[in-house]
There are 2 protein chains.
Amino acid sequence: MKKKHIYIYSPSSAVRDKAAFRRGVKRLQALGHEVEVDEAALDTHQRFAGDDATRLAAIGRAAASRADVALISRGGYGLTRILDAIPYKAVAKAIERGTEFVGLSDFTALQSALLAKTGAVSWQGPAVGEDFGAEDGPDDIMEACFDDLLHGQGEGSGWRVPKRDAESLSGFRGLHGATLWGGNLCVLASLLGTPYFPAIDKGVLFLEDVNEHPYRVERMLDQLRHAGVLARQKAVLLGHFTGARKVPHDRGFDMQTVAARLRTLIKAPVLTGLPFGHVPTKVLLPVGAQVEVAADGRDVFMVWGHRHAH
Amino acid sequence: MKKKHIYIYSPSSAVRDKAAFRRGVKRLQALGHEVEVDEAALDTHQRFAGDDATRLAAIGRAAASRADVALISRGGYGLTRILDAIPYKAVAKAIERGTEFVGLSDFTALQSALLAKTGAVSWQGPAVGEDFGAEDGPDDIMEACFDDLLHGQGEGSGWRVPKRDAESLSGFRGLHGATLWGGNLCVLASLLGTPYFPAIDKGVLFLEDVNEHPYRVERMLDQLRHAGVLARQKAVLLGHFTGARKVPHDRGFDMQTVAARLRTLIKAPVLTGLPFGHVPTKVLLPVGAQVEVAADGRDVFMVWGHRHAH
């Protein structure tokens, strides 16, 4: 394996679990990579990894790093408040030069805005602390996908739709020439109506969330629907929606209810089981890339091909 | 006092606290009113006060009731998912005929959409259960405001800006000819980008919320800001933001931080202390009405004058 250069920075919340962060850095080093940690990666200001200027400068340094991958320390909250000051052109240029930007959760804000402003492709994927620094070691699939990205070998991803949702695949003939986009539903919904929301027609929209009750997930999906966004997609892929607590008065209202109702309201297929979200086993997904999706029984394959010759 | 006709219905979540609901109905009857309870007011389907068709029919019956006031049993969740099926014209006609629609929280969705679609004025105000059915009796100020509405005597409202925010009034010369609008921030933000979000220029926007951490409040305010909504307002009024739990890693990030930052980002004054929200002491506020706002020291007066000659 060729040694790769990984730049780690903190654009969102302050790193609280420093032990996990250090484990993550060590794990990446143990894999043989050159790991460069941004000077402000462990800064703290209120809830944030440094004040707004500090985090904006960190994004700039990540863009200037000429690393193979710029990886976030963690998500949390912090990017939506600085969307009008992010150096999008510098990030897009860095991507053109071969630096892949990887992150998730709050990072959805930067990625979506970047796509809206420049069309540049970035990756939904792991964070240092929660993924590489996981107490019982990083997830094998996540690590394999990350390695594929580093070596320019990732061409796609596959997963099996859960049995209970098999029907959602009936009549699905596959699709191609669609733009993959999405990420954290809550963050994405918080961009609606703003210039940072990507105007993607005939796309493949993937969504995940954490600690959001199904009624809130439904309200956000309905916002996308009422805004006309869902009617313009070729497919909606649902990843994991974790951490929400059921309450007795839900009386059967849950994520399955939400997905089932959505299927009655939009034409595009709503496919579940995407291995992505606030879970250890996550694939890497190129936000803004052209994809093909095919299905064989309950097995779904999404292909994006090579993007860079590293 | 003239006996008034009050129609009670449930457009959102199922009534769980039936004792409070009954206390509320009795209280309104004890005040001498004719209280008509919608046939589906206590229905339950999943989390909702009946399925979508049931709640839509209830809204239709409220509009057809020819009551003086149509009052919600409670808020919760249920209106955003049926925004494309609400009989807006029927509600607007009922308002023209003299039925005042009153509610809050989830009801913000119906009121905002109604304003966007028809321009009709409705009221942010109490709900039956939590307000009239409060265990230690309804709040005096709320009840007085409600009585003013019933008898067409409400002309405005006044409050004192907290001492810590006195500075926000410096340079405030008052305003007039502005449209008052707003309500629950979370519900309002969930309409952004959709046809149900009112396009109000030079308005007075009031906001409240419950159980939303300050970082989520800030994210929603930033969504309004990034969407250009806040730049188009003459004033922003903040009511109560209650129920959120602070966590140690907030490290000083709170609602005061959020409001102080907002003041640095928008030109319109951000005035706090509005007696409205998920609190017992709430005034009634006409969504869509023209208002004047004046200040004397820390005392703010908002005037909307008579709307109907009852």
Completion exercise
Phi angles of region B:247-260, converted by Karplus (6.51 cos²θ - 1.76 cosθ + 1.60, θ = phi - 60°) into ³J(HN,Hα) in whole Hz with x for Gly and Pro, give 10, x, 7, 5, 6, x, 7, 8, 4, 5, 4, 4, 5, 5
Problem - MRE, 222 nm, helices only [DSSP H, n ≥ 4, -39500 (n - 2.57), over chain A, to nearest 500] - result: -8500 deg cm²/dmol
Completion exercise
Cα-based Debye curve of region B:5-150 sampled at q = 0.15, 0.19, 0.21 Å⁻¹ gives log₁₀ I(q)/I(0) of -0.66, -1.10, -1.36
Practice task
Using only the Cα atoms of region B:50-120, build the gyration tensor, take square roots of its eigenvalues as a ≥ b ≥ c, and label the shape rounded, prolate or oblate: rounded if a/c is under 1.5, else prolate if a/b is larger than b/c, else oblate.
Solution key: rounded
Exercise for the section: For chain B, find the longest principal axis of its Cα atoms and tell me its angle to the long axis of helix B:88-97, 0 to 90°, nearest 10. Expected result: 80 degrees
Practice task
Return B:S170, A:S190 ranked ascending by Cβ neighbour count within 10 Å, so the fewest neighbours appear first.
Solution key: B:S170, A:S190
Practice task
Considering only A:I72, A:I59, A:I141, give the residue with the highest GNM mean-square fluctuation for chain A, with springs between Cα atoms whenever their separation is below 10 Å.
Solution key: A:I141
Handout entry: Calculated FRET value between B:R66 and B:D147, using beta carbons and R₀ = 22 Å, to 0.05
Key = 0.65
Handout entry: Cα→Cβ-extended label distance, 7 Å offset, between B:K18 and A:E135, nm
Key = 4.5 nm
Exercise for the section: Express in whole angstrom the spacing between the alpha-carbon centres of region B:197-224 and region B:9-69. Expected result: 28 Å
Fill in the blank from the handout: For chain B the mean separation of alpha carbon contacts under 8 Å (6+ apart) over residue count, i.e. relative contact order in percent, is 20 percent
Completion exercise
When chain B is treated as a Gaussian network with springs between alpha carbons less than 10 Å apart, the largest mean-square fluctuation among B:H249, B:H151, B:H45 is found at B:H249
Completion exercise
With N residues in chain B, Rg(alpha-carbon) / (2.2 N^0.38 Å) equals 0.95
Problem - Volume per residue of the C-alpha convex hull in the protein assembly as shown, rounded to whole Å³ - result: 147 Å³
Fill in the blank from the handout: When A:I266, A:I200, A:I8 are arranged by how many other beta-carbons sit within 10 Å of their Cβ, fewest first, they go A:I266, A:I200, A:I8
Completion exercise
With the 8 Å Cα cutoff and a minimum separation of six or more residues, region B:5-150 has a relative contact order in percent of 30 percent
Exercise for the section: First check a/c for region A:156-303, with a ≥ b ≥ c the square roots of the eigenvalues of its C-alpha gyration tensor; if it is under 1.5, answer rounded, and if not, answer prolate when a/b is larger than b/c or oblate otherwise. Expected result: rounded
Practice task
Check each of the GluC sites (Glu not before Pro) in region A:84-176 and keep only those in coil by DSSP with at most 15 other C-beta atoms within 10 angstrom; list them in order.
Solution key: A:E135, A:E155
Problem - At most 13 other Cβ within 10 Å, DSSP loop - trypsin sites (Lys or Arg not before Pro), region B:83-191 - result: B:R173
Completion exercise
Phi-derived 3J(HN,Hα) across region B:26-37 with the Karplus relation (6.51, -1.76, 1.60, θ = phi - 60°), rounded Hz, x for Gly and Pro, is 4, 4, 5, 5, 5, 6, x, 8, 8, 9, 10, 9
Handout entry: Centre separation in Å (Cα based) which lies between region A:148-183 and region A:268-309
Key = 3 Å
Handout entry: Antiparallel DSSP beta bridges within chain A, as percent of all bridges there, nearest 5
Key = 40 percent
Practice task
With a cut-off of at most 11 other beta carbons within 10 Å, and DSSP calling the residue loop, which trypsin sites (Lys or Arg not before Pro) in region A:1-52 qualify? Please list them.
Solution key: A:K2, A:K3
Problem - 5 angstrom amide H check on B:F48, placed H, neighbours 5+ away - result: B:A14
Practice task
Can you tell me the FRET efficiency between A:F301 and B:E96 if r is taken as the Cβ-Cβ distance and R0 is 45 Å, rounded to the nearest 0.05?
Solution key: 0.20
Completion exercise
Between the modelled labels at B:D52 and A:R164 (7 Å from Cα along Cα→Cβ) the distance in nm is 2.1 nm
Handout entry: Rounded to 10°, Cα long-axis angle of helix A:107-118 versus longest principal axis of chain A
Key = 90 degrees
Completion exercise
Inter-part gap, Cα centre of region A:72-130 to Cα centre of region B:99-126, in whole angstrom, is 38 Å
Practice task
Quick one: angle between helix A:140-150 and the longest Cα principal axis of chain A, in degrees between 0 and 90, rounded to 10, please.
Solution key: 60 degrees
Handout entry: Cα→Cβ-extended label distance, 7 Å offset, between B:K202 and B:R263, nm
Key = 2.6 nm
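Coordinate-derived values only; no laboratory data. None of the values given here were measured: they were computed from a predicted structure. Positions of Cβ are backbone-derived with ideal geometry, glycine not excepted, and every protein chain shown enters the neighbour counts.
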